[in-house]
1. What does the net charge come to around Lys88 if you take all other residues with beta carbon closer than 13 Å to its beta carbon, with K and R at +1 and D and E at -1?
2. Given the rule -39500 (n - 2.57) for each run of at least 4 DSSP H residues, summed and divided by the residues of the chain, what is its mean residue ellipticity at 222 nm, to the nearest 500 deg cm²/dmol?
3. Do you know the relative contact order of the stretch 122-220, to the nearest whole percent, from alpha carbon pairs under 8 angstrom that are 6+ apart?
4. Using only Cα atoms, what Kirkwood radius does the stretch 122-220 have, in angstroms?
5. Out of all DSSP beta bridges in the chain, what portion is antiparallel? Express it as a percent rounded to 5.
6. I want the local charge near Val197. Using Cβ-Cβ distances under 14 Å, sum +1 for each Lys or Arg and -1 for each Asp or Glu among the other residues.
7. Please report how far the C-alpha centroid of the stretch 164-230 lies from that of the stretch 53-129, rounded to the nearest whole angstrom.
8. Can you compute the FRET efficiency between Lys111 and Ser138 using 1/(1 + (r/R0)^6), with r the Cβ-Cβ distance and R0 = 41 Å? Round to the nearest 0.05.
Amino acid sequence: MGRYPFSECVNAYIPVERGHISSATLETTRRRLMQIGRIFHQLKEENIVSTDNPRKITPRDIDAFVGRRKESGIKDTTILKDLGYISKMLAYYDNEAVVKFKAKFPAHVPKKFQIRRDSMEERIVQTILDRAMKISTSNWKMMEAYGLVSLAICTGLRPKELQMMYVKNVHIAEDYAEIFAEHVKGEGSYGRGRLVVVHPDGVLILKKYLEARKLKLEQRGKRSDALFLL
C-alpha cells in the first residue's frame, strides 16, 4: 500500500456502507475515520504503534491509540465512539483488534457514565400548567409554546415524537385523553408505536391548545394534519 494505508482503506470501505446508512452519517463516518487515520499515522511516525494499516493493526496498537486520546484530554464518550468507528471498519478487513483490545486490556477501555439530570420540581411543573390555563386561545405564540411544553410534561413524549405527531392520533373524552405515538425513537428498527395516556392535569390544556390551533388555521386559511404547526 501507499504511504497512508489507513486513508486508502477508508476510501475503499466507505462505498461499501453507501445505501445502508444515511448520507449524513456516511459523511460523518468518513470524516471521523480520516481523523483517526491521521492519529494512527502520527503514532506510527513516532514508533508508538506497529502499523497504521487497518488490516494489520493489533490490540496493542488500539491500546496506544486510546492512550494518546486520553493524554490529549479527549472525553471517554468520544473515545468510545472512535472505537466504534474503528471496530466497524477493521471488521470489514477481518481484523478483530478492537474486540481483542477490550478483552485483553479491560481496565484501559473508557467507561461510559450516564448522568441523569434531576427531575423538574413539582412547583415549577404546576406553575407551567397553571399559566397554560390562563393564556387566551387568541394568543397563538404563547398557546403554542405552553401547549407543547405542557403536553411533553403530561405524556413524557420526546421532542421528536411530539414534532411528528398528528391530530388524528389524539383521542379526547370529557376528562380523559390518550395519544398514539406513531413516529418514535428507533422507528424502522427497534422502535414501536405506542399509546400514551395524557396525565389528567394536561387534558384541559390539550383541549385548549386544540381550540387555539383550530383558530390559527382558520385565520391562515390552511389545513394541516400536524398536531404542532412548527
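What follows is calculated from the coordinates using simple rules that are stated; it is not laboratory data. Bear in mind that the values here come from a model prediction, so they are computed numbers and not experimental data. As a convention, Cβ positions derive from the backbone with ideal geometry for all residues, glycine included, and neighbour counts pool all protein chains shown.
1. Values: positive: Arg30, Arg32, Lys81; negative: Glu17, Asp82, Asp94, Glu96.
Here the charged neighbours net out to -1.
2. Helix-only estimate at 222 nm: -18000 deg cm²/dmol.
3. Details: 118 pairs, mean separation 31.6, N = 99.
Averaging sequence separation for qualifying contacts and normalising by length gives 32 percent for the stretch 122-220.
4. So the Kirkwood estimate lands at 14.0 Å.
5. Working: 8 of 9 bridges.
Close to 90 percent.
6. Net local charge, Val197 excluded: -2.
7. 38 Å
8. In this case the efficiency is close to 0.20.
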